[in-house]
Amino acid sequence: MKHFINLKDISSRDLKKIIIDAKKRKKLRKTLSTLEVDKGAPLKGKLLIQMFEKSSLRTRLSFYLAIKQLGGGTLTLRSNELHLGQGGESIADTAKILSTYGDGFMLRTDNDKKIENFRKYLSIPVINGLSPSSHPTQVLSDIFTVEEIKKKPISKLNICWIGDSNNVLDSLIAASVKFSFKLSIGCPEKFEPGAKVRNWVKKNKKKIFIYNDPKKAVLNADVIFSDKVISLNDKVNKKKKIAQFKKFKIDNKLMGYAKKDCIFLHCLPRGNEVTDDIFLGKKSHVWQQALNRVHVQKSILLYCFGKLR
Ligand code: CP
Ligand code: NVA
């Protein structure tokens, strides 16, 4: 049994194996429709319990399809309808029950400690479906999308992030170490990645490149990633923060500093960090990126259930 909580805690070898498996599976599904099950139904009879303490569209749907296509099923819980969410039951007892009824647990939460607590008490795998420090399923899937579009290992590409230092960026930084790619980050000084993440990169003898000038960050980029400046439940002064990111908006002019064939990716939902021209334009691959989450999460589930080929 393996958990999938933070990319930094999973070996490069395993992460690469997940990507390879997802490539094979996606290819084999070309003629199958949405709910048809993959040959061999590797997770037949398995139940994935999903719990969302924050909103979600893509993660919820992609895990639903992922487990279905592997022959299993899913049940989605809303934390405010559980005794746990009302303060009437402990994590330990809730985890025991989840492990009794289900085979895997996916949690989206505002509290990293809660995932760690669940890990302590569960006897089934736990998957982080977004926490304050990490969005690992999103970023691993994004690596898959980059390699699929660019037809090259990501280690040969210049990757750029324009935006806030948030959970998605933290996972992208972890991925840059695990997959050895060059990562340039463009953000205002106040919003640079924190000491903990930077020290972890240093400890692993790798480097990330941080610029407060967006033009410098996108120079020669093969891929530009962005995300909402205001994350879910971000308790900042929204108007002020958006103003601080004004010159970091991704438009045609800024994209012009990147390579000619540079692509644009965004995990969604979007705010006003990117123009419609770019987001809906030819360089953007955001819909393919969203759908690929199904394919990669299938291989993540197989990894967690000890069934990765
Ligand atoms: N990208 C992503 O995680 O989307 P949702 O918040 O809709 O799940
Ligand atoms: N950084 C964003 C990602 C949403 C999928 C958030 O945490 O809201």
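Take Leu254 and decide whether it is assigned to a helix (DSSP H, G or I) and either more than 18 Å from Pro132 (Cα to Cα) or within 16 Å of ligand 1 (Cβ to nearest atom) (or both).
Judged against the criteria, Leu254 is a match.
Scan segment 123-143 for residues that are assigned to a loop (DSSP other than H, G, I, E, B) and either within 15 Å of ligand 2 (Cβ to nearest atom) or open to solvent by 60 Å² or more (accessible area, probe 1.4 Å) (or both) and jot them down.
Ser123, Gly129, Leu130, Pro132, Ser133, His135
Looking only at segment 162-206, which residues are more than 27 Å from Val236 (Cα to Cα) and free of Cβ contacts under 8 Å to residues at least 12 places away in the same chain?
Hits for segment 162-206 are Lys202, Lys203, Lys205.
Please work out which residue is nearest to ligand 2 (Cβ to nearest atom), limiting yourself to segment 46-82 and to residues that are small (Gly, Ala, Ser) and more than 12 Å from Leu107 (Cβ to Cβ).
Ser55
Among strands (runs of 3 or more DSSP E) lying entirely in segment 159-233, which contain 2 or more residues that are within 22 Å of Ala290 (Cβ to Cβ)?
Strands (runs of 3 or more DSSP E) meeting the threshold: 223-226.
Taking segment 218-236 as the region of interest, how many residues are free of Cβ contacts under 8 Å to residues at least 40 places away in the same chain and away from ligand 2 (no atom under 13 Å from the Cβ)?
Residues that pass the stated criteria total 1.
How about segment 278-293: which of its residues are more than 13 Å from ligand 1 (Cβ to nearest atom) and surrounded by 14 or more Cβ atoms within 10 Å (Cβ to Cβ)?
Hits for segment 278-293 are Ile278, Phe279, Lys283, Ser284, His285.
Please tell me if Ser90 is open to solvent by less than 70 Å² (accessible area, probe 1.4 Å) and either in contact (Cβ under 8 Å) with a residue 24 or more places away in the chain or within 16 Å of ligand 2 (Cβ to nearest atom) (or both).
Criteria not met by Ser90.
Answer with yes or no whether Leu130 is touching a helix residue (DSSP H, G or I) at 6+ places or on another chain (Cβ under 8 Å) and either under 26 Å from His285 (Cα atoms) or of a type in the set (Asp, Glu) (or both).
When the stated conditions are applied, Leu130 passes them.
The values are calculated or read from the model by the stated rules, or taken from the named source; none is laboratory data. All values derive from a computational prediction rather than experimental measurement. Note that we place each Cβ from the backbone using ideal geometry, even for glycine, and neighbour counts take in every protein chain shown. All accessible areas refer to the heavy atoms of the entire protein, side chains included, with ligands and DNA or RNA removed. Shrake-Rupley method; radii C 1.70, N 1.55, O 1.52, S 1.80 Å.
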